[in-house]
1. Which residues, taken from region 362-387, are hydroxyl-bearing (Ser, Thr, Tyr) and more than 17 Å from GLY342 (Cβ to Cβ)?
2. Report, by residue number, each residue of region 77-97 that is of a type in the set (A, V, I, L, M) and part of a helix (DSSP H, G or I).
3. Name the one entry in ILE211, ILE225 that is in contact with a strand residue (DSSP E or B) (Cβ under 7 Å, 6 or more places away or on another chain), surrounded by fewer than 23 Cβ atoms within 10 Å (Cβ to Cβ) and under 30 Å from GLU272 (Cα atoms).
4. Restricting to region 1-55, and then to whatever is hydroxyl-bearing (Ser, Thr, Tyr) and in contact with a Leu (Cβ under 8 Å, 6 or more places away or on another chain), can you tell me which residue is farthest from ARG109 (Cα to Cα)?
5. Exactly one of these conditions fails for ALA87: (1) under 27 Å from the mean Cα position of the chain (by Cα); (2) modelled with pLDDT under 90. Give me its number.
6. Under 7 Å between Cβ atoms, which residue pairs at least 6 apart in sequence (or on different chains) link something in region 405-426 that is more than 27 Å from ILE225 (Cβ to Cβ) with a partner that is at pLDDT below 85 and surrounded by fewer than 24 Cβ atoms within 10 Å (Cβ to Cβ)?
7. Identify the residue in region 52-76 that is part of a helix (DSSP H, G or I) and touching a helix residue (DSSP H, G or I) at 6+ places or on another chain (Cβ under 9 Å) and, among all such residues, is farthest from ALA192 (Cα to Cα).
8. Would you check which residues across region 254-302 are without any contact (Cβ under 8 Å) to a residue 40 or more places away in the chain, closer than 16 Å to TYR336 by Cβ and within 26 Å of the chain's Cα centre (by Cα) and list them?
Amino acid sequence: MNYNKKTVKDVEVAGRKVLLRCDFNVPMAKDGSGVITDDKRVRAALPTIQYLLDQGAAVIACSHMGKPEPSFDKWVKKQTEKGKDPASLTQEKWSKTLAELSLKPVAARLGELLGREVIMAADVVGPDAQAKAAALQPGQVLLLENTRFEKGETKNDPELAKKMAGLAGEGGVYVSDAFGAVHRAHASTAGAAQFLPAVSGFLIQKELDFIGGALASPKRPLVAILGGSKVSSKIGVINNLLEIADTIIIGGGMAYTFSAAQGGKVGDSLLEADWMDYSKEMVQKAQDKGVKLLLPVDTVCADQFAPDAKTQVVKSGEIPDGWQGLDIGPETVKLYCQAVAGAGTVIWNGPMGVFEFPAFAVGTQAVAEALSKTNAVTIIGGGDSAAAVQQLGYADKMTHISTGGGASLEFMEGKELPGVACLLDQ
């Protein structure tokens with residue numbers, strides 16, 4: 001995939017309408033109060049929006065939020081499959097679930113952060129959005145309603161994409177700045193780019209520069225740290241990184257599948273038995289390619305999955321029956337921190353243990369601390385790794401923290417990202 005894409009700075013936007021795809025899929029309070037509990041994603045969009053406004057553009061922002069079911073019949077079917085009584089599923093309840101995923105709170109917060117009114121459309125491409133987009137003047141911002149309220153959004157329906165692009169009118173521009181959604185070929189992430197000149201915003205440009213740069217021409221040695229619970233979710237990443245990395249470090253729940261594949265005892269630890277042969281293949285492939293593949297040499301195990309469980313440190317492959325591994329052990333921490341210390345570039349995706357429980361956050365914290373002290377370019381994949389680094393207080397010490405979990409994973413797999421492939425090449 002070509003990472004060298006045109007950006008907002010490569011097109012003239014003065015006096016033009018810009019359809020800007022953002023990632024405003026923010027967490028909301030569970031009580032239905034419409035309170036945004038973390039506005040990080042809204043803030044992340046500000047540099048691109050402010051630049052467009054400063055250049056004299058009119059901005060039509062759009063985003064999805066959550067997974068609304070835009071069809072009442074399909075919503076009833078899904079709820080019934082979950083065991084809900086069909087008689088209790090009314091049009092009123094369905095409308096309420098949609099209202100809870102409205103972008104109105106985002107429009108209010110974005111307006112506060114920009115210090116100007118953000119006009120809210122009542123629909124995505126309906127009469128209200130069309131009228132407000134047509135009347136939009138340079139220096140104004142319009143936010144469309146949740147793109148997933150439209151049935152054709154997730155199907156990348158060309159008619160919907162054409163209507164969305166049409167809101168920007170003749171001479172309009174499409175700007176993609178939602179890295180968290182570029183791995184999906186939806187109407188708003190890829191389809192609309194077929195009808196307008198399409199470029200990246202600053203957020204996507206940063207992701208392409210850092211992750212793309214680390215994959216294409218890393219400062220060496222390149223050390224990849226892969227954790228998290230499942231080997232199955234990291235297959236493509238490990239395979240791709242074996243072609244690029246100098247060292248691959250394995251931690252988290254996925255390490256127990258590797259351990260079992262080597263004939264080790266893993267007790268009640270997380271184990272994907274179907275992926276043991278694959279794990280063996282990866283170890284062999286690393287040897288054949290001269291890539292150092294580091295696996296835990298010891299583990300902190302517990303008698304139950306609980307924050308206050310009894311713990312003991314055992315050698316890897318020697319976990320007693322009835323116990324489960326929940327973190328890397330102290331010798332493994334030393335080994336991994338040593339590998340990171342001499343790195344030129346480090347890519348980290350996935351925690352080393354159950355970092356949500358303080359007793360089993362030691363490995364993740366030690367790796368985060370080691371990264372904060374190295375002179376390497378440090379890139380944190382989105383999702384749990386980003387959450388861990390934030391929670392443990394090391395976020396400001398990292399070179400780059402990705403804004404997309406699934407997107408950064410697919411990026412590292414070497415897959416083509418539809419929302420990036422659709423942008424104009426430099």
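1. Passing the criteria: THR364, SER385.
2. ALA87
3. When all the criteria are applied, what remains is ILE211.
4. Here the residue is TYR3.
5. (1)
6. ALA421/MET1; ASP425/ASN2
7. Among them, the one singled out is VAL76.
8. PHE258
The values are calculated or read from the model by the stated rules, or taken from the named source; none is laboratory data. Everything quoted here is computed from the prediction, not taken from an experiment. Don't worry about glycine lacking a Cβ; one is built from the backbone with ideal geometry, like all the others, and counts go over all protein chains shown.
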